[in-house]
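To keep things clear, I will list the structure first and then write my remarks on it.
Just so it is clear, none of the values below were taken in a lab; they were calculated from the coordinates. Bear in mind the structure is a predicted one, so any value in this text is a computation, not a measurement. So basically every Cβ, Gly included, is an ideal-geometry build from the backbone, and we count neighbours across all protein chains shown.
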Amino acid sequence: MTAAASTQTASAPRPRFSINPVTAGKRAIRPILSVAAALAVFAALALAQNAPLSGIIEAFTIGLNNPNFWQQTVVRAVPLMIAAVGVAIPARAGLVNVGAEGQLIAGSVAAAGVGLLVGSAFPGPLSWLVCAVAGMLAGGVVAGFCAYLRVRVNAPEAVTTLLMNFILLDVMLFLLYQPWKDPNGSGQPQTRPLDPAAMLPMLPGTRISIAILVALAVCGFAWWLATRTDWGFRITVAGGNPEAAVRSGISITKTSVQAMALGGGLAGLGGALNLIGLEGQLRPDILTSFGFIAFLAAFVARSNILGSLVAAFCFAALMVASNPLQLRAGLDGSAVYVLLGLACLALTALASTLRTTR
């Protein structure tokens with residue numbers, strides 16, 4: 001290259017970053033159209049059941065303007081958010097954790113057992129700590145065992161974690177109908193209520209316990225661990241390119257078990273916080289469908305931890321909206337799951353469209 005050419009090249013203006021307004025407009029409007037399409041299909045299904053459209057609109061309007069609606073949403077979001085992060089972290093290591101439901105149950109059972117055992121013998125903070133640690137350990141052991149089966153005998157973790165949901169549900173039902181059944185519970189399958197000292201205190205002026213603060217702190221720590229540490233880098237490499245990870249000296253076995261155990265531990269902690277922060281006693285239906293909704297939240301967010309939190313909170317709001325839909329529109333309580341499924345389908349289709357247009 002001559003001096004004149006190099007001078008001309010150096011003095012040439014750099015190309016400016018430009019945005020195609022048509023393309024940007026299409027990408028900006030797609031999420032709105034996706035959600036609108038989901039709502040339109042849901043409204044059509046509701047009208048087919050003779051539900052008044054005005055009642056559906058009124059149900060959502062009243063809910064959004066009701067402070068009690070948002071308090072219930074926050075309460076429901078606690079186990080959902082932690083469980084969604086518990087699904088997202090193993091996914092970053094290339095693992096599919098479909099067992100958040102069972103891990104939530106394991107955490108609730110462990111926390112209930114410890115809470116009933118210690119009773120009022122421990123002061124409040126110590127009781128909260130042992131219940132939370134017991135729940136986290138229970139969920140971590142369950143998920144870690146499934147990961148161990150994956151790396152040792154090549155048992156698909158998607159299958160083993162799914163089957164553990166049913167096993168743990170049966171274990172909980174056995175405890176509720178047999179040894180842990182409350183003799184003063186009018187024959188209902190539930191444990192004795194926990195001692196008030198074992199329950200988390202409420203935030204001033206609300207019906208929200210400090211479990212939400214614990215959940216946000218734990219999820220923030222999990223985000224930092226997965227995105228800002230060497231360990232998080234190792235699990236990402238192991239999940240993205242196992243061959244490169246092995247050549248770099250990263251143990252696939254170790255990272256897989258660690259990532260799954262951490263995810264299960266988070267879900268177990270969510271179950272424990274739901275028990276000591278809201279329920280106060282173990283019942284069969286306190287966490288029904290929570291694990292699968294948490295899985296959907298992580299799936300929609302594509303295993304992004306912060307995105308999983310946002311999706312879990314939005315799904316919690318949809319779950320709480322089932323009550324206004326029953327009262328105002330006369331729909332069945334399961335109708336909200338139809339809306340949830342439609343929203344997930346719309347967002348999944350949107351993500352696929354964006355990938356194909358890049």
Practice item. Rounded to the nearest 500, what is the 222 nm mean residue ellipticity of the chain from helices alone, with -39500 (n - 2.57) per DSSP H run of 4+ residues and division by all residues? Key: -24500 deg cm²/dmol
Check your understanding: So how strong a dipole does the chain carry about its Cα centre when Lys and Arg Cβ are +1 and Asp and Glu Cβ are -1, to the nearest 20 debye?
Key -> 1280
Check your understanding: Tell me, what HN-Hα J-couplings in whole Hz come from the Karplus equation 6.51 cos²θ - 1.76 cosθ + 1.60 at θ = phi - 60° for each residue of the stretch 309-315, using x for Gly and Pro?
Key -> 5, 5, 5, 4, 5, 5, 5
Practice item. List the relative contact order of the stretch 206-349 as a percent without decimals, with contacts defined as Cα pairs under 8 Å and 6+ residues apart. Key: 14
**Study point:** Convex hull volume per residue for the chain, taking Cα atoms only, in Å³
**Key:** 209
Revision key, fill the gap. Taking 229-238, 83-92 and ranking on average Cβ neighbours within 10 Å, highest first, one gets 83-92, 229-238
Check your understanding: So what is the relative contact order of the chain, in percent, for Cα pairs below 8 Å that sit 6 or more residues apart?
Key -> 33
Exercise for review: Arrange the following residues from fewest to most other Cβ atoms within 10 Å of their Cβ: W70, W128, W180, W224.
Suggested key: W224, W70, W180, W128
Check your understanding: Hey, what do the phi angles of the stretch 236-243 turn into as Karplus ³J(HN,Hα) couplings, whole Hz, using 6.51/-1.76/1.60 and θ = phi - 60°, x for Gly and Pro?
Key -> 5, 5, 4, x, x, 8, x, 5
Revision key, fill the gap. Phi-derived 3J(HN,Hα) across the stretch 126-134 with the Karplus relation (6.51, -1.76, 1.60, θ = phi - 60°), rounded Hz, x for Gly and Pro, is 5, 5, 4, 5, 5, 5, 5, 5, 4
